[in-house]
Amino acid sequence: MEAHRSFERFEQGHHAAGGEVGPHYARHAALAVAVMAACLAVATFLSNEAMKAVVTEETHRADTSAQLASNRVQIDVASGNETMLWALGKGTPLERRTSAVASRHEQRIAQRLKPRDETLHEEIAANEREVEHADTQHIDYELAEVALEVGIVLASVSIIVRRRWLLGIGGAAGAVGVVLLLVGLLLA
């Protein structure tokens, strides 16, 4: 019986303090928390995927940079060989033969190695753009996570203390989180 009276006094004090909420308040607040939690799960997943994309693209860029360095070494070696053949063959009985070999080196540089160099530069630039894009998405998703977590906490506390204004602020924080989530998705 004493517990019943304590509860009545709590309800009266709560009502007097302006804590009156409708009969379905807890259900609406719990639904808001559930929706924000679902959005948080999506934001967390997308944040992780964006970070994987950053790491993958950085790996591709490093691999392409290594290929570029190797290609440049091949260009330098072929150019050196060509120069040596031209110099060593001048004025000797083998001049015609060394000239032909030197020309083959020159053709290899012009037809295969230099175009490969340009392709690798383009690949590196594309990888850099992908890294920047994925990193921007990751930041958007991380910020969405924070806003959704704050929204969940405030909406949960509003259930306990029965304060609508906390649910409103929590809902606003959750809405900001959803907007950031959508911004990250629309950048994709």
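The values are calculated or read from the model by the stated rules, or taken from the named source; none is laboratory data. Only a predicted model underlies this, so the values are computations on that prediction, with no experimental measurement involved. Reconstructed Cβ throughout: ideal geometry from the backbone, glycine too, with neighbour counts over all protein chains shown. For accessibility, only protein heavy atoms count, side chains too; no ligands or nucleic acids. Shrake-Rupley method; radii C 1.70, N 1.55, O 1.52, S 1.80 Å.
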Exercise for the section: Work out which helices of the chain, taken as complete DSSP H runs, extend at least 27 Å along their axis over the Cα atoms and score a mean Kyte-Doolittle of -0.5 or more, then list them. Expected result: 25-89, 114-161, 164-186
Problem - Residue (of 160, 65, 136) at the positive-pole extreme of the chain, dipole from beta-carbon charges - result: 65
Exercise for the section: Specify which labelled value, from (i) 39; (ii) 29; (iii) 60, agrees with percent of Cα pairs over 27 Å apart derived from the coordinates of the model shown. Expected result: (iii)
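From the helices alone, meaning DSSP H stretches of at least four residues, give me the mean residue ellipticity at 222 nm for the chain, per-run term -39500 (n - 2.57), in deg cm²/dmol to the nearest 500.
Using -39500 (n - 2.57) per qualifying helix, the result is -32000 deg cm²/dmol.
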Practice task
Name the residue, out of 36, 51, 84, whose mean-square fluctuation peaks in a Gaussian network model built on the chain with Cα pairs under 10 Å.
Solution key: 84
Practice task
Figure the gain on full extension for residue 56 and residue 165 (residue separation times 0.36 nm, minus the Cα-Cα span) and round it to one decimal in nm.
Solution key: 34.8 nm
Practice task
Compute the accessible area per residue over the range 105-186, keeping the other protein chains in place, probe 1.4 Å, unit Å².
Solution key: 58
Problem - Simple spin-label estimate for residue 79 and residue 153 in nanometres, 7 Å along Cα-Cβ - result: 5.9
Practice task
Taking 7 Å along the Cα-to-C-beta vector as the label spot, tell me the residue 112-residue 186 distance in nanometres, rounded to one decimal.
Solution key: 5.0
